[in-house]
Amino acid sequence: MKNKLVRISSLILSVLLVCSLLPVRAFASFEISGICMAQADDGAERTVKTLDYSYVHNTYLSLRDMAMVLNGTEKSFSLDITNNAVALTTGNDYTPLGNENVPWESGGNPDIALRRNEFTVNGQKALYYTMITKLPSGEYDCFMMITDLAMLLDVNITDSGADSLQVRTQEPFLVSPSDLEQAGYFYGVNSVLVGDAATGESYYRYQSDTAYPIASTSKLMTCLLTMDAISAGQITLEDSATVSDAAERLASSSDGVVPLKAGQQITVQELLLGLLLPSSNECALCLAELISGSEEAFVEKMNQKAKELGLSQAVFFNSHGLPSYTDSSIPSKRQNRMSAEDMFRLAAYLLKVYPQIKDITSLKEATLESMDFKVRNSNPLLYNQAGVTGLKTGTTNKAGACLITSLAVDDGTTEHDLIVVVFGSEDSMERGRISGLLAKYAMQSFYEGTEPPESEAQDPAAKSLPVHAEAAVGYVIKSAKER
């Protein structure tokens, strides 16, 4: 009887496990196939195959079909696609296979994984999430998010209704954060802020005065205090730190990045590389212990520095940004917190006082020589957008996916650092896309200004609209509240 009960229990457990797994797999691989009509400058409409990944209107376009739409224009591009790699070259005419711009040949939804396939643009590595599928002819096609393609080509692609796209090759890709906010685009993030570090001017804000968990972007404060210690002569880049038992435990945990061992010697320069590129928590702890003797003493310095800089909502519990537990019998789970406005001030101060930090944060990869260990930068925008110089990624379950981006610009006489703060996006894919859009807007605002939309300019009342970016944003928010 006992054996029978065990077998029945095992069967029930197996059924429950299968049932729990099936919906996850079905959701993860769910694509909705469809078509839209795309029209470029020549006026001809062409069929473009689409895939909506997981949700309706989360649309990815066939690159081969779009290459035909843009063939012969200033935005033409050629393609070489294999089962896991895409090579896109701008300015080249596309050589047709003969099956472009036709609807899907079979019914049903394809089972294609959305992943970060190998992707190069003009021979340079780029980081995009795409879907590659094999065509009936044996060739491959790649499906790419409309936003990513528009930004890559710097072309205006707009939805003209009824599953129809208008591609204006003579117009650049422009970003309007206020329109995005009105459409609910930022509902999936905690807060954002875009501004100029040199002047302190903010171009756009969204929930920027509320404190949120900041994960590994906390390491910018650890970096700042390390640079302060170097500036004060307390340590040098060539000095070595001795890895503690605590740092080894952190390195060997699931949150470890660099395989440090207790008693090992590692230089401050290498610790900064590990801190800022792959976001090593153990490197952060090593720096804290080297500078202050203990992480607890270093955290006091972090909070004191925050007060000195006027970061009114910043609270630090550790040097790296991982969840921190109290030592009570019922431990409280805490995380470093800060508002987007505070982070903007911190990043702006760091770039102003220690601009040499960009020599590290702009690296795509580096080698820790004492360990012969290669580290890679976790910032995707370094690969996808010109002018990006850093700064820091961060992710925890509570904080979501965060990214602080810096961009180098020049007004003809003075160099400026633009900063984009994104806190709490859904995942690393959305973090990169939102940050990319706002980085584009930052450059757009710096070089072209933040003029009101054309629809507002036609309004007689528009003459009284504020033209200063921060005041304009305040006006929009005020108007929205009144409505």
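The values are calculated or read from the model by the stated rules, or taken from the named source; none is laboratory data. Since the model is a prediction, treat every value here as computed from it, not as a measurement. We place every Cβ from the backbone using ideal geometry, glycine too, and count neighbours over all the protein chains shown. SASA here: full protein model, heavy atoms, side chains in, ligands and nucleic acids out. Shrake-Rupley method; radii C 1.70, N 1.55, O 1.52, S 1.80 Å.
Summary of computed values
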| item | result |
| --- | --- |
| Matching residues in the stretch 380-402 - criterion: being over 16 Å from M151 (Cβ atoms) and surrounded by 23 or more Cβ atoms within 10 Å (Cβ to Cβ) | G390, L391, K392, T393, G394, A399, G400, A401, C402 |
| Any hit, the stretch 338-351, residues being of a type in the set (S, T, Y), open to solvent by less than 20 Å² (accessible area, probe 1.4 Å) and either within 22 Å of G195 (Cα to Cα) or part of a helix (DSSP H, G or I) (or both) | yes |
| The lone exception for K75 - which of (1) assigned to a loop (DSSP other than H, G, I, E, B); (2) in contact with a helix residue (DSSP H, G or I) (Cβ under 9 Å, 6 or more places away or on another chain); (3) modelled with pLDDT under 95 it fails | (3) |
| Which numbered condition S370 fails, given (1) assigned to a helix (DSSP H, G or I); (2) out of contact with any Phe, Trp or Tyr (no Cβ under 7 Å at 6 or more places or on another chain); (3) surrounded by fewer than 23 Cβ atoms within 10 Å (Cβ to Cβ) | (1) |
| Selection count where residues are under 17 Å from S280 (Cβ atoms) and open to solvent by less than 80 Å² (accessible area, probe 1.4 Å), scope the stretch 230-258 | 15 |
| Criterion (modelled with pLDDT of 95 or more, within 16 Å of F373 (Cβ to Cβ) and surrounded by 20 or more Cβ atoms within 10 Å (Cβ to Cβ)) met by exactly one of L290, L285, L220, L275 | L275 |
| Selected residue [in contact with a helix residue (DSSP H, G or I) (Cβ under 6 Å, 6 or more places away or on another chain) and surrounded by fewer than 18 Cβ atoms within 10 Å (Cβ to Cβ)] from Q265, Q304, Q313 | Q313 |
| Considering residues of the stretch 177-201 that are among the small types (G, A, S) and in a helix (DSSP H, G or I) only, the residue modelled with the lowest pLDDT | G188 |
| The stretch 50-81, residues that are more than 26 Å from the chain's Cα centre (by Cα), within 18 Å of A126 (Cβ to Cβ) and open to solvent by 30 Å² or more (accessible area, probe 1.4 Å) | D80 |
| Test result for Y204, outside any loop (DSSP other than H, G, I, E, B), free of Cβ contacts under 8 Å to residues at least 60 places away in the same chain and not basic (K, R) | no |
| Failed item in (1) free of Cβ contacts under 8 Å to residues at least 24 places away in the same chain; (2) within 15 Å of F143 (Cα to Cα), with M68 passing the rest | (1) |
| Matching residues, the stretch 105-156, being buried (at least 16 other Cβ atoms within 10 Å of the Cβ), hydroxyl-bearing (S, T, Y) and more than 22 Å from the chain's Cα centre (by Cα) | T133, Y140 |
| Residue within the stretch 12-33 that is at pLDDT below 95 and under 27 Å from Q170 (Cα atoms) present | no |
| Pick from the stretch 88-104, criterion among the aliphatic types (A, V, I, L, M) and part of a loop (DSSP other than H, G, I, E, B), ranking: farthest from V121 (Cα to Cα) | V102 |
| F298 being at negative phi and open to solvent by less than 30 Å² (accessible area, probe 1.4 Å) | yes |
| Residue count for the stretch 290-311, restricted to those that are under 30 Å from the mean Cα position of the chain (by Cα) and in contact (Cβ under 8 Å) with a residue 24 or more places away in the chain | 9 |
| Number of positions in the stretch 405-440 that are assigned to a strand (DSSP E or B), among the hydrophobic types (A, V, I, L, M, F, W, C) and surrounded by 20 or more Cβ atoms within 10 Å (Cβ to Cβ) | 7 |
| Which listed residue is of a type in the set (A, V, I, L, M, F, W, C), crowded, with 22+ Cβ neighbours inside 10 Å and in contact with a strand residue (DSSP E or B) (Cβ under 7 Å, 6 or more places away or on another chain), from A215, A198, A211 | A215 |
| S319 being closer than 18 Å to L260 by Cβ, in contact (Cβ under 8 Å) with a residue 60 or more places away in the chain, part of a loop (DSSP other than H, G, I, E, B) and open to solvent by less than 10 Å² (accessible area, probe 1.4 Å) | yes |
| Matching residues, the stretch 82-101, being buried (at least 21 other Cβ atoms within 10 Å of the Cβ) and either under 19 Å from N384 (Cβ atoms) or under 25 Å from the mean Cα position of the chain (by Cα) (or both) | V86, L88 |
| Search result, residues across the stretch 40-49 that are crowded, with 19+ Cβ neighbours inside 10 Å and of a type in the set (D, E) | none |
| Unique match (being in contact (Cβ under 8 Å) with a residue 60 or more places away in the chain and under 22 Å from E426 (Cβ atoms)) among M227, M144 | M144 |
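Residues checked against (1) aliphatic (A, V, I, L, M); (2) over 19 Å from M227 (Cβ atoms); (3) modelled with pLDDT of 95 or more:
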{"residue": "E341", "(1), (2), (3)": "no, yes, yes"}
{"residue": "L351", "(1), (2), (3)": "yes, no, yes"}
{"residue": "P355", "(1), (2), (3)": "no, no, yes"}
{"residue": "K358", "(1), (2), (3)": "no, no, yes"}
{"residue": "K364", "(1), (2), (3)": "no, yes, yes"}
{"residue": "F373", "(1), (2), (3)": "no, yes, yes"}
{"residue": "R376", "(1), (2), (3)": "no, yes, yes"}
{"residue": "T389", "(1), (2), (3)": "no, no, yes"}
{"residue": "L403", "(1), (2), (3)": "yes, yes, yes"}
